[in-house]
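The values are calculated or read from the model by the stated rules, or taken from the named source; none is laboratory data. Predicted, not measured: the structure shown is a model, and the values here were computed from it. Positions of Cβ are backbone-derived with ideal geometry, glycine not excepted, and every protein chain shown enters the neighbour counts.
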Amino acid sequence: MSELRTLYHTTPKTYAPWEAYQRPYVRDLAYVLACPNVLTEWLDFAPHQNTHPISVHNAAFWQMQFEAYKQRLKELDTTSAYQALTRYLLKRPSPNRLGFHFEGLLSFWLEDGFARKLHPYETLANNVQLYNGKQTTGELDLILYNHEEKLTEHWELAIKFFMGAAPFAPINWVGINSNDNLQRKMIHMQTKQFCSIWVNTEKHGQVKVDKRYGVIKGRFFLPMNIANFVYPHWLTPSFPMHKWCDKTDNETLAKIDISALRAAHYIEWFSKRDFYDDRRSPLIISENGILKTGLYFEGDRPIVIYPKKSDQAED
């Protein structure tokens with residue numbers, strides 16, 4: 001049986017800007033804007049392939065977008081305007097899948113913010129299907145026109161919740177599915193999704209992509225026993241960071257009150273929904289007495305139980 005590890009946040013609780021909002025989708029939307037890109041720069045893991053340059057927005061860019069949208073966030077959080085956000089998200093395909101939820105939140109901000117002149121990005125198309133003959137080979141997330149720079153931009157989106165292990169290279173940041181790691185995701189984006197030069201849109205005809213952006217957000221987790229972690233040059237220092245520990249670390253595990261845990265709903269990877277606290281159901285325990293894989297909460301502290309091999313994933 002695979003070794004089980006526990007991932008959780010042990011640092012003192014600090015205020016995050018999205019926690020100021022009460023309504024869950026507004027909190028998620030604030031999180032999506034205020035959270036910086038995990039990357040300070042794009043790393044080229046496919047140098048021998050004929051691919052296009054890829055950019056990332058720095059942390060200051062996302063902070064500026066969050067600040068510009070604050071008043072609208074307050075309105076969504078305190079008035080019936082919230083219905084516009086919920087209707088927009090729930091009418092999208094698979095609204096409860098994390099990746100689609102992330103895409104829906106960013107798409108709402110892009111369309112709503114542009115209409116209110118809060119940013120210069122006009123949505124030309126989203127989820128553009130790519131074909132090889134009659135066969136679908138993929139899709140492009142967002143095609144935007146930047147009215148400030150007069151450029152057509154292609155944004156590819158990813159929301160990732162990854163654990164890190166030494167030496168903390170992108171391949172060593174992995175997800176609950178150990179085959180999913182940051183390096184693999186970046187290679188896929190670079191070699192599959194960022195190859196298009198001309199894009200056919202329904203409303204704007206064929207447009208030429210001038211610039212490409214990888215938008216990767218989420219949360220990362222560091223091992224508990226690491227001391228003096230030095231951020232790699234590519235990892236944004238303000239990116240949301242938590243802690244994880246091995247399940248054999250009995251001293252740390254003893255600090256977790258198992259009886260106080262509640263199983264989290266999948267959407268709570270974005271932000272905790274307090275209204276689920278009163279709907280606790282008995283924890284599901286596997287035959288060997290270990291909590292099943294998934295996200296839990298002890299109070300406001302997230303705890304994840306998941307199977308992972310002792311060695312890191314390799315490509």
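Here are some notes:
- Looking only at segment 174-188, and only at residues there that are crowded, with 21+ Cβ neighbours inside 10 Å and at pLDDT 95 or above, the one that is farthest from Met241 (Cα to Cα): Met186
- Segment 37-57, residues that are more than 23 Å from Phe108 (Cβ to Cβ) and either without any contact (Cβ under 8 Å) to a residue 60 or more places away in the chain or of a type in the set (A, V, I, L, M) (or both): Leu39, Leu43, Ala46, Pro47, His48, Asn50, Ile54
- Any chance Leu43 is surrounded by 13 or more Cβ atoms within 10 Å (Cβ to Cβ), modelled with pLDDT of 95 or more and outside any helix (DSSP H, G or I): yes
- Among the candidates Glu148, Glu122, Glu156, the residue that is in contact with a Pro (Cβ under 7 Å, 6 or more places away or on another chain) and either within 26 Å of Gln71 (Cβ to Cβ) or in contact (Cβ under 8 Å) with a residue 40 or more places away in the chain (or both) is uniquely Glu148.
- Failed item in (1) at pLDDT below 95; (2) on the phi < 0 side of the Ramachandran plot, with Ser94 passing the rest: (2)
Listed here are the residues, each with its yes/no results for (1) under 14 Å from Lys160 (Cα atoms); (2) part of a strand (DSSP E or B).
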{"site": "Arg184", "(1), (2)": "yes, no"}
{"site": "Ile187", "(1), (2)": "no, no"}
{"site": "Gln190", "(1), (2)": "no, no"}
{"site": "Ser196", "(1), (2)": "no, no"}
{"site": "Asn200", "(1), (2)": "no, yes"}
{"site": "Val207", "(1), (2)": "no, yes"}
{"site": "Tyr213", "(1), (2)": "no, yes"}
{"site": "Ile216", "(1), (2)": "yes, yes"}
{"site": "Phe220", "(1), (2)": "yes, yes"}
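- Taking every residue in segment 13-36 that is closer than 13 Å to Lys272 by Cβ and pairing it with any residue that is outside any helix (DSSP H, G or I) and at pLDDT 95 or above, at least 6 positions away or on another chain, the pairs with Cβ-Cβ distances below 7 Å are Arg27/Tyr21.
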